[in-house]
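Before any comments, here is the structure.
No lab work stands behind these numbers, since they all come straight from the coordinates. Owing to the predicted nature of the structure, the values given are computational and were not obtained by experimental measurement. Note: ideal-geometry Cβ built from the backbone for every residue, glycine included; neighbour counts use all protein chains shown.
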Amino acid sequence: MSVTTIKVDSVVRDRLAHLAQARGTTMGVLLAELTQRAEVEQRWDEIEGAYRQAQADQDGWRDYLGDLAGWDAGGAGHDADAADEWPEYNR
């Protein structure tokens, strides 16, 4: 792993140092955790945006919900549930 330096305002640096110290970790680990959290948040924002866009097409959304209801009701393609299909993961 290579290491680099970034420039941040000293107030931000001090806040990060305080958070890291309070958590008993380093600023590098803290930044890695915060970055991971921000990436997950961004991904969910993208997913929610895609749903909003899909909902804008009322006919397509209605078709999607119909397909989803079929899956929930054990419709086409549901010969077995996941526990039966992959028993090695259900010990």
Taking R0 as 22 Å and r as the Cβ-Cβ distance between R43 and T5, the FRET efficiency 1/(1 + (r/R0)^6), rounded to the nearest 0.05, comes to 0.20
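Can you tell me the dipole magnitude for the chain around its Cα centre, using point charges on the Cβ only (Lys, Arg +1; Asp, Glu -1), in Debye to the nearest 20?
Details: 9 positive and 18 negative charges, 200 e Å.
I would put it at about 960 debye.
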Along the stretch 19-34, Karplus-curve 3J(HN,Hα) (6.51, -1.76, 1.60; θ = phi - 60°) to the nearest Hz, with x for Gly and Pro, reads 4, 4, 5, 5, 8, x, 9, 9, 5, x, 5, 4, 5, 5, 5, 5
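Using per-residue counts of other Cβ atoms within 10 Å, averaged over each peptide, order 4-11, 81-88, 15-22 from highest down.
Details: 4-11: 6.5, 81-88: 9.0, 15-22: 13.2.
Order by mean packing, descending: 15-22, 81-88, 4-11.
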Residues E33 and Q53, FRET efficiency given R0 of 25 Å [Cβ-Cβ distance, rounded to 0.05] = 0.25
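Which net charge results when you count Lys and Arg as +1 and Asp and Glu as -1 among the other residues whose beta-carbon is under 14 Å from that of V29?
Values: positive: R23, R37; negative: E33.
It works out to a net charge of +1.
Out of every Cα-Cα pair in the chain, what percent are more than 18 Å apart? Please list the in-between numbers first.
Working: 2911 of 4095 pairs.
Tail of the P(r) past 18 Å holds 71 percent of the pairs.
To the nearest 0.05, what FRET efficiency results for W61 and D84 with a Förster distance of 35 Å applied to their C-beta separation? Kindly include the intermediate steps, with their values, before the conclusion.
On the way: r = 32 Å, r/R0 = 0.90.
Efficiency, rounded to the nearest 0.05: 0.65.
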